[in-house]
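This report concerns only the one structure given below.
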Amino acid sequence: MLRGHRRAARLTLEQLAEVSGVSARTLSDMERGRSKGPQHRTVTALADALALEGDARQQFVELARDGRLRDHWRRPAGLCELPRLVDDFTGRAAELAWMSELVYAESAPGVGVVGLITGSGGMGKTTLAIRAAHVLRPNFPGGVFFLDLYGMSPSPATAADALRLLLRALGVADEQIPEDVVGRASVYRSLLRDRQVLVVLDNAGSEEQVRPLLPGDGASQVLITARRLLAGLEGVRRLGLESLSLAEGTQLLAGILGQRAAADQGSALNQLAGLCERMPLASRNRVLDVVRAARRLRPTGLSAAGRGAGP
Ligand SMILES: Nc1ncnc2c1ncn2[C@@H]1O[C@H](COP(=O)(O)OP(=O)(O)OP(=O)(O)O)[C@@H](O)[C@H]1O
Ligand SMILES: [Mg+2]
């Protein structure tokens, strides 16, 4: 409640301390719910400094009297939710280890940790980022947020739009979201500093698009996926995603084919994995092609491979 009013007034803790004459430490305690029943004088000074009037002022004074000025933030449902996992996720052990290391990484003072996964289309960047975010979720008590930036589409999300969505997902009311990108980015960074969240920015298209979405200092982290290298982004930890190993590619195909693969002698799947260049998307599509071709052949009874093959 106090923090919300302070942010709406665009004041830092220190600025509010100066205007109200209440020490920054006391304010910080109040914001975190550590101060029980502050003096009436303190509360009035704060309400004055925040220019609260009418009902808002009365509610503020009552909650302060009961020591309940702490923000009880609840995440609005359905905004920036992490997509579901694919159930046949295969391989990528080294890459998942890289992500875990990222969480425990020390960053330079004043710079939050940012990971960037790059690779060509269909290589599995989004799938990997989602998997990692699910695995690492317990490390982010403030929540995990996922946003598609449509960087490769003709109309990518603007930084301003992305920030508005993220702020809403972080619980900021529409009327408290600043109009301009700079204001939005500043509120966003202060929320990320106070909470421990992971933000996954999928399909980033350019440096300009993501720069305002990066964290300042604090324990929050951002994970970006992009087809482009985004070479101009400084201070990010990079992972260039490459093809699956032959064993992983074969395992993925076997998983997709399920029982149908049981009759396979192994070598055919190996060859198919090679043909797909061990790329996950190509593997899925190639399997679909094979299954469709087998279906077309089935009525004429021409192919033994087609027998029993269905989607
Ligand atoms: N490790 C994996 N295990 C199983 N399936 C995977 C894996 N990685 C990717 N896939 C599958 O491959 C397809 C493409 O993956 P994904 O969408 O993650 O690629 P991408 O690199 O994000 O592509 P784009 O650049 O187009 O966004 C999806 O169908 C996904 O389910
Ligand atoms: Mg993707």
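The values are calculated or read from the model by the stated rules, or taken from the named source; none is laboratory data. Given the structure is predicted, the values throughout are model-derived calculations rather than measurements. No Cβ is skipped: glycine too gets one built from the backbone with ideal geometry, and neighbour counts run over all protein chains shown.
Does at least one position in the range 85-96 carry a residue that is modelled with pLDDT of 85 or more, among the small types (Gly, Ala, Ser), within 30 Å of LEU281 (Cβ to Cβ) and crowded, with 18+ Cβ neighbours inside 10 Å? Within the range 85-96 (the criterion being modelled with pLDDT of 85 or more, among the small types (Gly, Ala, Ser), within 30 Å of LEU281 (Cβ to Cβ) and crowded, with 18+ Cβ neighbours inside 10 Å), the answer is yes, since at least one residue qualifies. Note on the range 1-45: residues that are more than 26 Å from ARG184 (Cβ to Cβ), exposed (fewer than 14 other Cβ atoms within 10 Å of the Cβ) and charged (D, E, K, R) total 4.
For the range 103-133, taking the residues that are more than 16 Å from ligand 2 (Cβ to nearest atom) and not aliphatic (A, V, I, L, M), the one that is nearest to GLU207 (Cα to Cα) is identified as GLY112. Annotation note: of GLY205, GLY183, GLY171, the sole residue that is away from ligand 2 (no atom under 16 Å from the Cβ) and part of a loop (DSSP other than H, G, I, E, B) is GLY171. Within the set THR250, THR225, the sole residue that is more than 22 Å from ILE117 (Cβ to Cβ) and either within 16 Å of ligand 1 (Cβ to nearest atom) or outside the structural domain of PRO138 (by TED's automatic domain parsing) (or both) turns out to be THR250.
One residue is enough: does the range 133-149 have a residue meeting the conditions of a type in the set (Val, Ile, Thr) and over 27 Å from ARG92 (Cα atoms)? Looking through the range 133-149, none of the residues is of a type in the set (Val, Ile, Thr) and over 27 Å from ARG92 (Cα atoms).
Being small (Gly, Ala, Ser), more than 16 Å from ligand 2 (Cβ to nearest atom) and not in a helix (DSSP H, G or I): is that true of ALA97 here? In short, no.
Confirm whether ARG238 is away from ligand 2 (no atom under 16 Å from the Cβ) and more than 12 Å from LEU116 (Cβ to Cβ). No: the conditions fail for ARG238.
You will find that of ARG57, ARG68, ARG74, the residue that is outside any helix (DSSP H, G or I), over 29 Å from the mean Cα position of the chain (by Cα) and closer than 18 Å to MET1 by Cβ is ARG68 and no other. Considered as a group, the residues in the range 226-237 that are at pLDDT below 95 and surrounded by 15 or more Cβ atoms within 10 Å (Cβ to Cβ) include one that is farthest from GLY205 (Cα to Cα), and that residue is ARG237. Scanning the range 134-162 for residues that are aliphatic (A, V, I, L, M), away from ligand 2 (no atom under 16 Å from the Cβ) and in a strand (DSSP E or B) gives a single hit, VAL144.
The residue of the range 97-131 that is surrounded by the most Cβ atoms within 10 Å (Cβ to Cβ), among those that are of a type in the set (Val, Ile, Thr) and near ligand 1 (Cβ under 10 Å from one of its atoms), is ILE117.
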